[in-house]
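Student: The structure under discussion is supplied below as structure tokens; questions concerning it will follow.
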Amino acid sequence: MRLAMKFYAVALVIPLQLASVTQAVADSIDTLSLELNSVQDVGSACRLTFLAKNMTGTAIDKAVFETVIFDGTGGVVSLKLFDFRDLPMKRPRVRQFDLSNMSCQEVGQALINGASTCLVSGAESDLCQSALILKSRVDVELLG
């Protein structure tokens, strides 16, 4: 009976571990990951810090994303262009953007509305949109 219970417990754990490993691999292959890593009040601005990981296999010369900021009630507060500049492949980059005259407590959600500019090898590309995966490590939800 004890052996059967141990086998059952192992049988339940292994699929869960495989699922998380599979998801981690899927998130890192052929993707452009933007993670909202932190939000911090700096003076009269809210600073959004992003971690960008370009795992597409192609260097991105310039990536600019149209970003919409919502307050806690879902109202649009601002629409800005966030210039992530160059995103070399397989090298993480941290980019920071300040929302002037706004405290971080006022920010409810951020929406990556699309790539305004995506240059690859000097030409416009859809790579920044087609490979994009969004994540957030903070209470501010990152949508796309």
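What follows draws every value from the coordinates through simple rules; no lab data is involved. Everything quoted here is computed from the prediction, not taken from an experiment. Heads up, the Cβs are rebuilt from the backbone with ideal geometry, glycines too, and the neighbour counts pull from every protein chain shown.
Student: Students often forget the sequence filter, so: which aspartates and glutamates lie under 16 Å Cα-Cα from Lys53 once same-chain residues fewer than 8 apart are removed?
Tutor: Within the straight-line limit of under 16 Å, Lys53 reaches these aspartates and glutamates: Asp27, Asp30, Glu35, Asp61, Asp83, Asp86.
Student: Another question, if that's okay. Whose amide H sits under 5 Å from the amide H of Gly114, counting only residues 5 or more places off or on another chain, with H placed in the peptide plane?
Tutor: Glu66
Student: Two decimals is fine: what is log10 I(q)/I(0) at q = 0.14 Å⁻¹ for segment 75-138, from a Debye sum with one equal scatterer on every Cα and no solvent?
Tutor: After summing over all Cα pairs, the log10 values are -0.53.
Student: Could you work out the local net charge near Glu35, counting Lys and Arg as +1, Asp and Glu as -1, over the other residues with Cβ closer than 10 Å to its Cβ?
Tutor: Its environment carries a net charge of +3.
Student: Under the 0.36 nm per residue contour assumption, what length would be gained going from the current alpha-carbon distance of Ser44 and Gln105 to full extension? Don't jump to the answer; show the numbers that get you there.
Tutor: Values: separation 61, 0.36 × 61 = 21.96 nm, distance 1.20 nm.
Answer, rounded to one decimal: 20.8 nm.
Student: How long is the gain from Lys135 to Val68 if the chain were fully straight, where each residue apart is worth 0.36 nm and the alpha carbon distance is subtracted?
Tutor: Gain on stretching Lys135 to Val68: 22.6 nm.
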